[in-house]
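Contents: one structure, followed by commentary.
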Amino acid sequence: MRTRPHILSLIAVLFGLALLVAACEAELGDEDVDEDDVEDEPDEDEEDEEAEEADEPEDEEAEEDEEDEEDEEEPALDEGEGETDPDATEIEWATSDVGSSGHTALVNLSALLNREWEGFHTDVLPTGGALQSVIGYATGDFDAYYGADIGFAEAAEDRDRYEGFSDDAERDLVMSFWAYPMETGLAIHEDNADEFESWADLTGEPVFTSPAPWDVRANLEAAMEAAGAEHEYVEVDTGVAGSSLEEGDISAMPAYTTSETTPAPWVNEGLLQTDGQVLNPSDEEVAAIEDAGMEVVSIDPDHFDTDIGVDEALFVPFFYGFHVGPDVSAEDVYEKLDVIAEHADELADADGAFEVLANDPADLQRRGVESSVDDVLVHPGMADWMRDQGVWNDEWDDRIAE
C-alpha cells in the first residue's frame, strides 16, 4: 500500500518538470527573435559611433579643401567681372610650386589672359619646378609650360638634368613667350677679396651655386665654365648659405636677381648674415662668357638690402618663359602677345618680375629667342609678331615650327 503514494509523487514531479521544460523552450524561442532584431537595429551608442565615423571623412575633405583654398595664390591685378566663356579653349598651364617666382608670375599672367585673350581660359597648375613643367608638357601631361633657355639647351643635348629626355618626349618643345630674365652672379666673404679677384680664382674652391635641380645653378655653372672657373660644387641649404660663407665652409655663394631689380629673398638674407660682397668676373672672363653665347649685364647694387662692395654687379642672365605649343594657332599666339605687350605695365605693377618686359616687350622676346633658337623651335605666331615689331632676325627663318 505504501508503493502507490510514491508512484503518484513521482508522476507529479515528472509533470512539473515537463511544464518547466515547455516554459523554457517558449522563452528561448522569444530570445531568438529578439537577437535577430538586435542585429538589424544597432543600439544608440553604436549608431553614434558609426555616425561619427561617417562624418570624419567629410570633415577631412572639408579641411583639405580649406587648405587648398589657403594655398591658392590670388592675382595682384584686376581679373575683370566677365564670366568664363563656356566655349573657351581650356589651357592647363604648368609652372613651379606655390610661393615661387614662376608661380606668382603665371597667376598674374593667367588673370590677364583670362580677361583679355578671347577664346581661351588658362588654369595655373603648380609643379615641383620648371624641370617637371617642361617634362610634363613633352610627355603630354600639360597643355603649356614654364621653361628656361638653360633647360632648353640641356634638353636639346640630352644631358645633365635632362639626360634621356628625347627618349620619353612625345612632342617637341616650342617657345612662344619670354616673360622675364634672371641674372646670376657670385658673392664671397669680404675678408677674401684679395685672394679672389676673378671667377677663375675660385678654381678648386668649394662653391655653392644654388640647389642642384635649379635653373639658377645650371646657368651660373655654365657661365663659370666659360670663364674658366673649375670649382668644386658643394650643396648647402639656402637658409644657411650666408652662415656657411661666414664660417668658411664655402668660398662663394650665388647672388642673383629677377628682372635686373629684385634679389632673391634668401640671397639678401644670406648676405646680411655675413660680410659678403659680389665677386665680378674680370674683363677677360666677361669676353669669354659672351663668346660662349651668353650676356653679361650690370645690376645696380642699391637693389640689395646691404652693401655688396662693388659699384656695379656683373651678372649673367638667363630667360624664363611661359610657352604654348603649335596646337595653338599662329593667329591666337599673335593675339596673345599683343595682349601682353599692351598690358605689360599692368603686369609689372602687379609683379616686379615683369619689369624688363614692361620696358620693352619686343626686345625681351628678341633676347629670349636669341638665347635658345639653336635648341628650340619658334612658334610661327611669335615669329610673325616679332617680325612686325622689327626684332626678328631672318637667319632664324629655318627655326620656325610648323
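The Cα center of the stretch 335-352 and the Cα center of the stretch 94-160 differ in position by 17 Å.
Only Cα pairs under 8 Å and 6+ residues apart enter the sum, and on that basis the relative contact order of the stretch 181-318 stands at 34 percent. Cβ-to-Cβ counts within 10 Å put ASP397, ASP160 in ascending order as ASP397, ASP160, the fewest first.
In this calculation the C-beta distance from SER198 to ASP327 is compared with R0 = 60 Å, giving a FRET efficiency of 0.80.
Placing a pseudo-label 7 Å from each Cα along the Cα-to-Cβ vector at SER298 and ASP160 gives an inter-label distance of 2.8 nm.
A simple spin-label model places the labels of ASP141 and THR84 2.2 nm from each other, with each point 7 Å out along Cα-to-Cβ. Eigen-decomposition of the gyration tensor built on the alpha-carbon atoms of the stretch 181-318 gives equivalent ellipsoid semi-axes of 19, 17, 15 angstrom, largest listed first.
Where a number appears in this text, it was derived from the coordinates with a stated rule and is not lab data. Predicted model, so just to flag it, every value in this text is computed and none were measured. Neighbour counts run over all protein chains shown; Cβ positions are idealised from the backbone, glycine included.
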